[in-house]
Structure formats: C-alpha cells, structure tokens
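**Student:** Next up is a structure, given as structure tokens.
The values are calculated or read from the model by the stated rules, or taken from the named source; none is laboratory data. Predicted model only: the values in this text are computed from it and were never measured. Please note: Cβ atoms are built from the backbone with ideal geometry, for glycine as well, and neighbour counts cover all protein chains shown.
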Ligand SMILES: Nc1nc2c(c(=O)[nH]1)N[C@H]1C(S)=C(S)[C@@H](COP(=O)(O)OP(=O)(O)OC[C@H]3O[C@@H](n4cnc5c(N)ncnc54)[C@H](O)[C@@H]3O)O[C@H]1N2
Ligand code: MOO
C-alpha cells in the first residue's frame, strides 16, 4: 500500500532517539545542540569598565573648561584602583576597570588634547565637553548578572553562542553527540568515477552526495563505501558497522537484484514500501535489533537527493537534538507550466528568483536526471492531487541553502 510522504516521515521521526550527551571543547562545539543551560560564572561585564579611551573623573569636577590633573594611567588589564581626589583624573583605556572614586569617563575627544596619544599620560587636561554622571561606564552585570543563563539548553551553537559561553567562563560544554552515520551505495554496475565504464557500468555518485549532505547536516561519517549486489557481502559489511544511522542507496525497489531489500526486509522493524512521491517512491526504513536506523533509499540520483532532504536530513537533525529540522519553505509564481505525476507528490529541482520558480532542466523531475542537481537551487513541492502546474500558479518551494 502506498503511504504519503507525511506518513513515512512521521514513522521515521517517531523512531528517532536523541543522541547521548558528551562534553566537548568550545572549538569542537559549533553546530551542536547544547544539552544543559550554561549559567554564567560571573556578572557580565565582570567589573565597571570604561567604554571609551579617555579620562576617568568625578563628574562634579569636570565642568566645561575645568583643568584636571592626571594622576594615574589605567590600561586594559590593569588591576590599579588609583585614588582620584578633587580636581584629578586618571587616563583610562577602553575595557579597563574604572577607578572606584570616578563616576564618569570623558572621551579623549572631549578634552583639549584630543586623540593625540602619548606613551606617558599628560600631566593635565582641560575638559571641552562636560560628561554626564555615569557617562561611558559599562556597569558590572549590566549585560547579565552572575548565575544568569547565558545560553539555554537546546540552543544550536553557532559562533555567537560560543562567544557568550566563553564570556560566561567555560571552555568545555555538554552537547549532544553528532549522529554517527554510515553511507553505503549498492550496485554491481557502480565503478569509481575516475575509472573507464564498460557497457552497463556507471560512475558511483550517490555516496558522494549522501556523505556530503550528511556531513552538512552535522553527522559524523563512520563509513562511506560501495558494495556489489551481493547479499553475503552486504550482510557482512553491515555486521561490522557501528552507527546510529545507516543510509543505503539502490536495491530498494522490486528488481531481481534488489539486495538491500532482500537483506533487510523485516529485520527488526525495517519495512519496504512505496511512498506517494516522485522521485523517491521505493523507500525502506526501520531499526534493527541493535537500534541502528536504516534509511534504504532508491538508487536513482535525484531520488537519493530528494529522499535525503525529505526524510534523512530531518531525522539526523532531530537525532542531534535540534527542534527546527526542516528547510525553510517559500512561495513563488510558476514562470512556466509543467506536468506532475498522478497521485504522487512531486519534488522538482528548480531555479528561483525573487518572484518566480521554474524547473532546473527541461527534463522535469525524472529521477535519473543527475545534471539537474548541479544547477538546482531548491525543490518545488507539488501536492499529490495536482496534475499540472500552470504558469502563474503559486508554488511551494523548499529552499536548500
Ligand atoms: N517494476 C518496477 N520497476 C521499478 C519501480 C517499480 O515500482 N516497479 N520503481 C522505479 C523507481 S520509481 C525507482 S526510483 C527505481 C529504484 O530502484 P532501486 O532502489 O532498486 O535502485 P537501483 O535499481 O539499484 O538503481 C536505480 C538507478 O540508479 C542508479 N544508481 C544506483 N546507485 C547509484 C549510485 N550509487 N550512483 C549513481 N547511480 C546509481 C542505477 O544504476 C539505476 O540506474 O526503481 C524503478 N524501477
Ligand atoms: O520514485 Mo522513482 O524515485 O520516481 O524514480
């Protein structure tokens, strides 16, 4: 029985378990999902510090025209806390701790000496613009207090979040482990792309696509390999794989040599059956007794690309602890008309501009049209009950980058 794309996807997502937590260095944490709240070890900023290169003063002494004696120099990193008496100032650099006696910073530009800077501070300055009370002092905890959640559990860590975590006082953090993924292309017709194909042979491209796509989705690739249409060879290869997910391509349909189906059908919960989509109709999915998830994708290259986007990528992201698992979708006006397969949702490689969408190649959504992948920017997603897209129709598009 044909099931819908949504039904197959729901079955997959129901089987996904989030990976265990491991502690990693910040340098290795980009793209991972934070497993616990990161609580700041201190207030941010840590101490009252200057927001400008200038002079720390008592605001009451620093009226326009006042002459102040410069009695200290406080560069960033200095632990000095010079006493500032009446009529006195300390030269201070951006980020340096503001002396306890000061209640304002005058930027260099607001003094008679301007931004001309010397190694030694000047002995005196004349104020040309009076500072407001508290001017240019970045207060202790003004960004967040000690003990505040700097980055919440569940956050996908990018460069900005990692910098916040470092500021909160950590070099290592708990994150969900990257899903360990094996990619296996099956087919006796497959040869190394650099080889010379004999009649019937073709260059193997699916493992290249799947490995790059899985890595881009944050997976850790444990195996990327090709195996002939040989049940014993595939079985022994699978026996040796320690992975959270195994992505196979080819041999999923009804052909005489469809070894993936022959080896895996009804192993654990793995089931094969057609899904109402084009390309990508023959699909197999399930878990074996060891808990490994098997994605058995049809061998045609465009079917592999579409199946990965529709089923595998969301599953890998969910495994890694992500909650946003889908590509963004936009709507565009069809710039031309095209036919759709009856009774199957169509996933068509397309080109986009600001307002319109058109098929990436003249060939439409044929699952063997591998060159359409090279130019496609997105996949148009046309519902199963649509027989034809007519120029001017509004079309839903899954954006790939
Ligand atoms: N009688 C039927 N025949 C087919 C049906 C069907 O329902 N009844 N479904 C068709 C559909 S739809 C698809 S899709 C394919 C899927 O077949 P398989 O998953 O068994 O895939 P293969 O036959 O192994 O390969 C299909 C095609 O793709 C090429 N291929 C395979 N692996 C690679 C690779 N790693 N790199 C590059 N190209 C690859 C392979 O040479 C074939 O041309 O079945 C239809 N048939
Ligand atoms: O479903 Mo197949 O992937 O159309 O060629």
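**Student:** What is the one condition in (1) within 11 Å of ligand 1 (Cβ to nearest atom); (2) in a strand (DSSP E or B); (3) touching a residue at least 40 places away in the same chain (Cβ under 8 Å); (4) buried (at least 21 other Cβ atoms within 10 Å of the Cβ) that residue 210 does not satisfy?
**Tutor:** For residue 210, the exception is condition (2).
**Student:** Looking only at segment 329-351, which residues are in a loop (DSSP other than H, G, I, E, B) and either more than 16 Å from ligand 1 (Cβ to nearest atom) or surrounded by fewer than 20 Cβ atoms within 10 Å (Cβ to Cβ) (or both)? Even if it seems obvious, please write down each step before you answer.
**Tutor:** Keep residues of segment 329-351 that are in a loop (DSSP other than H, G, I, E, B), which gives 335-337, 340-344.
Hits for segment 329-351 are 335, 336, 337, 341, 342, 343.
**Student:** Which strands (runs of 3 or more DSSP E) does segment 88-196 wholly contain that include 1 or more residues that are without any contact (Cβ under 8 Å) to a residue 60 or more places away in the chain? First the steps, then the outcome.
**Tutor:** On the way: elements: 88-92, 104-107, 124-126, 149-151, 172-176, 180-186.
Qualifying strands (runs of 3 or more DSSP E): 88-92, 104-107, 124-126.
**Student:** Same structure again: Please pick out the residue among 203, 179, 197, 174 that is farther than 20 Å from residue 306 by Cα and exposed (fewer than 15 other Cβ atoms within 10 Å of the Cβ).
**Tutor:** Numbers: 203 fails: farther than 20 Å from residue 306 by Cα; 179 fails: exposed (fewer than 15 other Cβ atoms within 10 Å of the Cβ); 174 fails: exposed (fewer than 15 other Cβ atoms within 10 Å of the Cβ).
The conditions single out 197.
**Student:** Here is a further query. Checking residue 270 against (1) away from ligand 2 (no atom under 13 Å from the Cβ); (2) within 27 Å of the chain's Cα centre (by Cα); (3) surrounded by fewer than 24 Cβ atoms within 10 Å (Cβ to Cβ), only one condition comes out false. Which one?
**Tutor:** It fails just one condition, (2).
**Student:** Moving to a separate point now. Could you list, ordered by first residue, the pairs with Cβ atoms under 7 Å in which the first is in segment 41-67 and crowded, with 19+ Cβ neighbours inside 10 Å and the second is assigned to a strand (DSSP E or B) and modelled with pLDDT under 95, at least 6 apart or interchain?
**Tutor:** Here the result reads 44/144, each pair linking segment 41-67 to a residue that is assigned to a strand (DSSP E or B) and modelled with pLDDT under 95.
**Student:** Out of the residues in segment 352-364 that are surrounded by 15 or more Cβ atoms within 10 Å (Cβ to Cβ) and within 23 Å of residue 301 (Cβ to Cβ), state the one that is nearest to ligand 1 (Cβ to nearest atom). Spell out how you get there, then give the answer.
**Tutor:** Looking only at segment 352-364, we keep the residues that are surrounded by 15 or more Cβ atoms within 10 Å (Cβ to Cβ), and these are 352, 356-361, 364.
Restricting the remaining residues to those that are within 23 Å of residue 301 (Cβ to Cβ) gives 352, 357-361, 364.
Working: 352: 25, 357: 24, 358: 24, 359: 19, 360: 18, 361: 17, 364: 14 Å.
Per the criteria, the residue is 364.
**Student:** Let me ask something additional. If a residue must be in a loop (DSSP other than H, G, I, E, B) and within 12 Å of ligand 1 (Cβ to nearest atom), how many such residues does segment 255-303 contain? Before the answer, list the steps.
**Tutor:** Narrowing segment 255-303 to residues in a loop (DSSP other than H, G, I, E, B): 255-258, 265-270, 276, 279-281, 288-292, 298-300.
From what is left, the residues that are within 12 Å of ligand 1 (Cβ to nearest atom) are 255-258, 276, 279-281, 298-300.
Of the residues in that region, 11 qualify.
**Student:** Say we look at segment 365-381 and pick out the residues that are assigned to a loop (DSSP other than H, G, I, E, B) and within 13 Å of ligand 1 (Cβ to nearest atom); which of these is nearest to residue 345 (Cα to Cα)?
**Tutor:** Filtering segment 365-381 down to residues assigned to a loop (DSSP other than H, G, I, E, B) leaves 365-370, 376-377.
Next, only the ones that are within 13 Å of ligand 1 (Cβ to nearest atom) stay: 365-370.
Details: 365: 11, 366: 13, 367: 13, 368: 17, 369: 18, 370: 19 Å.
It comes out as 365.
**Student:** Scan 242, 326 and give me the residue that is assigned to a loop (DSSP other than H, G, I, E, B), more than 22 Å from the chain's Cα centre (by Cα) and either modelled with pLDDT of 95 or more or closer than 16 Å to residue 211 by Cα (or both). Even if it seems obvious, please write down each step before you answer.
**Tutor:** Numbers: 326 fails: more than 22 Å from the chain's Cα centre (by Cα).
Exactly one residue qualifies, and that residue is 242.
**Student:** If you don't mind, there's one more thing I want to ask. Given the conditions (1) over 30 Å from residue 299 (Cβ atoms); (2) modelled with pLDDT of 95 or more; (3) over 24 Å from the mean Cα position of the chain (by Cα), which single one is not true for residue 185?
**Tutor:** (1)
**Student:** Is it the case that residue 22 is outside any loop (DSSP other than H, G, I, E, B), on the phi < 0 side of the Ramachandran plot and modelled with pLDDT of 95 or more?
**Tutor:** Working: outside any loop (DSSP other than H, G, I, E, B): yes; on the phi < 0 side of the Ramachandran plot: yes; modelled with pLDDT of 95 or more: yes.
Yes.
**Student:** Among residues belonging to segment 283-307 that are within 16 Å of ligand 2 (Cβ to nearest atom) and surrounded by fewer than 24 Cβ atoms within 10 Å (Cβ to Cβ), point out the one that is nearest to the chain's Cα centre (by Cα). Write out each step before concluding.
**Tutor:** Of all residues in segment 283-307, those within 16 Å of ligand 2 (Cβ to nearest atom) come to 283-285, 295-307.
Narrowing the set further to residues that are surrounded by fewer than 24 Cβ atoms within 10 Å (Cβ to Cβ) leaves 284, 300-301.
Working: 284: 27, 300: 27, 301: 25 Å.
Top of the filtered list is 301.
**Student:** Here is a further query. Pick from 76, 14: which is at pLDDT below 95 and either part of a loop (DSSP other than H, G, I, E, B) or surrounded by fewer than 20 Cβ atoms within 10 Å (Cβ to Cβ) (or both)? Steps first, answer last, please.
**Tutor:** Details: 14 fails: at pLDDT below 95.
Checking each option against the conditions leaves just 76.
**Student:** For segment 224-237, give me the residue count where each residue is farther than 21 Å from residue 282 by Cα and crowded, with 18+ Cβ neighbours inside 10 Å. So that I can check it myself, show each step before the final result.
**Tutor:** So the first thing to find is which residues in segment 224-237 are farther than 21 Å from residue 282 by Cα, and the list is 224-225, 232-233, 236-237.
Subset that is crowded, with 18+ Cβ neighbours inside 10 Å: 224, 237.
Residues flagged as farther than 21 Å from residue 282 by Cα and crowded, with 18+ Cβ neighbours inside 10 Å within segment 224-237 amount to 2.
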